[in-house]
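A quick write-up on the structure given underneath.
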Amino acid sequence: MLPLVFCENRNIENMREALEEELGYGSANGSYRRHVRELIQRHGNGPPGAEVAAAMKRERVFPNLDGVRFLPHQGGCGGTRQDSQALCGLLAGYIHHPNVAGATVLSLGCQHAQASILMEELRARDPKLRKPVVIVDQQSAGRESALMEQALDQTFAALAEANRAERAPAHLSGLTVGLQCGGSDGFSGISANPTVGYVSDLVVGAGGATMLSEFPELHGVEQELINRCTTDELAARFRDLMQAYAASARAVNSDFAFNPSPGNIRDGLITDAIKSAGAARKGGESPISGVLDYPEYVSARGFNLQCTPGNDVESVTAQVGAGSNIVLFTTGLGTPTGNPIAPVVKISTNTALAERMSDIIDFDAGPIVSGKSTIKECAEKLLELSIEVASGERLTKSELHGQSDFIPWKRGVSL
């Protein structure tokens, strides 16, 4: 469930309050829970009266659905029209994502990010519009209660329909993997990043797709990546996107050289070139078969480059919006980053971090540093873990903590 504009964030939170506990996905209390309770009674999935609330704590109303996710954000109006177009493209990517069964969209009505733009972007990704999309406009609905009841009624009906879906076996070629890092340290380019790069090559070899983003963190290794592009057109597009991005940074008195964070610098990544040399290793050695600008959706199988910021959450948000089913996220300093609709597997570069922050780390690549394991051995274990996570057999630490970070990239100025 998502708003087209920040004005609807409170109503999105009301939807969360009303649905999560009543459907068995969380614990919350709210004024709209009674309405959902009545819908459950009419659906025939729960006992009457006050017994419903207690029953819902014991089991999910829709057992084939892993949850209902909510994507509040601060965009949709006040910036450039290009920002609103990009936001609609990103949201369309989330609706089209294979992990998503459908969407409810709340609109105020007068904002830049119009429902018509969202549907145009969705048709560009799915011409047949195969998923249900409920759009409710507050200025048309009138009172908030009318908006909420209309949204809840239609959402509940769509959830009941989506619950008919069941998991089925799929080939590894259907997997799209986001390759990400955050809180990098001096070991990142030695252990965790090359391990992820090896996994990327294995996924690409099986016919799947992988995606390396964070363009400011590729500054200094452009030629190496250009040499791996399968066509001159892809090489030119990567070069042009990098140059345009660098120019926009200089226009606001910044530079890619400012990318390393204080934590990076303290741990040895003192320049953008040093950081980039390690970050690029997440991309393995496969040829580059696609170059995506934000918020385009992945279309080429194989290894892709995607234009995003170096900001961890903005980049993960973009990767999932481009179709990543799962994100492999390396860290040397530790970060809790997660995503609402795709699991984020946190991989430590060193064992000390894995032990110190065991509540957020899913996989330890530290044995490579100590000489107890090889990159190949770690990569094979990480691939097995990734398949378990993508299959729903295992939850990541960020999922267990309910870490659902969602920050759209705003490229333009505010007007």
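The values are calculated or read from the model by the stated rules, or taken from the named source; none is laboratory data. The structure displayed is predicted, hence computed values, not measured ones. Virtual Cβ from ideal backbone geometry, glycine too; neighbours counted across all protein chains shown.
Structure data summary
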| quantity | calculated |
| --- | --- |
| Residue identified as part of a helix (DSSP H, G or I), buried (at least 16 other Cβ atoms within 10 Å of the Cβ) and over 25 Å from the mean Cα position of the chain (by Cα) among Ala246, Ala235 | Ala235 |
| Boolean, Ser145 is in a helix (DSSP H, G or I) and over 25 Å from the mean Cα position of the chain (by Cα) | yes |
| Tally, over region 310-325, of residues that are surrounded by fewer than 22 Cβ atoms within 10 Å (Cβ to Cβ) and either among the polar types (S, T, N, Q) or not in a helix (DSSP H, G or I) (or both) | 1 |
| In region 88-124, the residues that are surrounded by fewer than 19 Cβ atoms within 10 Å (Cβ to Cβ) and either aromatic (Phe, Trp, Tyr) or under 22 Å from Pro343 (Cα atoms) (or both) | Pro98, Val100, Gly102 |
| Residue check, Asn339 buried (at least 18 other Cβ atoms within 10 Å of the Cβ), within 24 Å of the chain's Cα centre (by Cα), in the same structural domain as His219 (by TED's automatic domain parsing) and farther than 22 Å from Ser200 by Cα | no |
| Output for region 357-378, where each listed residue is assigned to a loop (DSSP other than H, G, I, E, B) and surrounded by 13 or more Cβ atoms within 10 Å (Cβ to Cβ) | Met357, Ile360, Ile361, Asp362, Ala365, Gly366, Ser373, Thr374 |
| Tabulated pairs, region 206-229, first in the same structural domain as Ile288 (by TED's automatic domain parsing) and on the phi < 0 side of the Ramachandran plot, second aliphatic (A, V, I, L, M) and in a loop (DSSP other than H, G, I, E, B), C-beta under 6 angstrom, 6+ apart or interchain | Gly208/Leu175; Ala209/Val298 |
| Test: residue in region 58-72 that is touching a strand residue (DSSP E or B) at 6+ places or on another chain (Cβ under 7 Å), within 30 Å of Val316 (Cβ to Cβ) and at pLDDT 95 or above | yes |
| Flag if Ala354 is outside any loop (DSSP other than H, G, I, E, B), touching a strand residue (DSSP E or B) at 6+ places or on another chain (Cβ under 9 Å) and without any contact (Cβ under 8 Å) to a residue 24 or more places away in the chain | yes |
| Total residues in region 363-401, condition touching a residue at least 24 places away in the same chain (Cβ under 8 Å) and on the phi > 0 side of the Ramachandran plot | 1 |
| First in region 307-334 and touching a residue at least 40 places away in the same chain (Cβ under 8 Å), second anywhere and basic (Lys, Arg) and not in a loop (DSSP other than H, G, I, E, B), Cβ under 6 Å, 6 or more apart | Phe329/Lys346 |
| Tally of residues being within 18 Å of Ala115 (Cα to Cα) and surrounded by 15 or more Cβ atoms within 10 Å (Cβ to Cβ) across region 136-163 | 10 |
| Some residue of region 171-178 being in the same structural domain as Leu383 (by TED's automatic domain parsing), of a type in the set (Val, Ile, Thr) and modelled with pLDDT of 95 or more | yes |
| Residue in region 179-189 that is among the hydroxyl-bearing types (Ser, Thr, Tyr), out of contact with any Phe, Trp or Tyr (no Cβ under 8 Å at 6 or more places or on another chain), surrounded by 15 or more Cβ atoms within 10 Å (Cβ to Cβ) and under 30 Å from Leu19 (Cβ atoms) present | no |
| Number of the exception - Arg60 against (1) assigned to a loop (DSSP other than H, G, I, E, B); (2) within 21 Å of Asn339 (Cα to Cα); (3) in contact with a Gly (Cβ under 6 Å, 6 or more places away or on another chain) | (2) |
| Qualifying residue in region 150-173 (condition: without any contact (Cβ under 8 Å) to a residue 12 or more places away in the chain, outside any loop (DSSP other than H, G, I, E, B) and farther than 30 Å from Gly278 by Cβ) | yes |
| Residue in region 112-128 that is in a loop (DSSP other than H, G, I, E, B) and either aromatic (Phe, Trp, Tyr) or within 21 Å of the chain's Cα centre (by Cα) (or both) present | yes |
| Ile274 vs. criteria assigned by TED's automatic domain parsing to the domain that holds Asp201, in a loop (DSSP other than H, G, I, E, B), surrounded by fewer than 21 Cβ atoms within 10 Å (Cβ to Cβ) and out of contact with any strand residue (DSSP E or B) (no Cβ under 8 Å at 6 or more places or on another chain) | no |
| All positions within region 121-146 that are of a type in the set (Gly, Ala, Ser) and in contact (Cβ under 8 Å) with a residue 24 or more places away in the chain | Ala124, Ser140 |
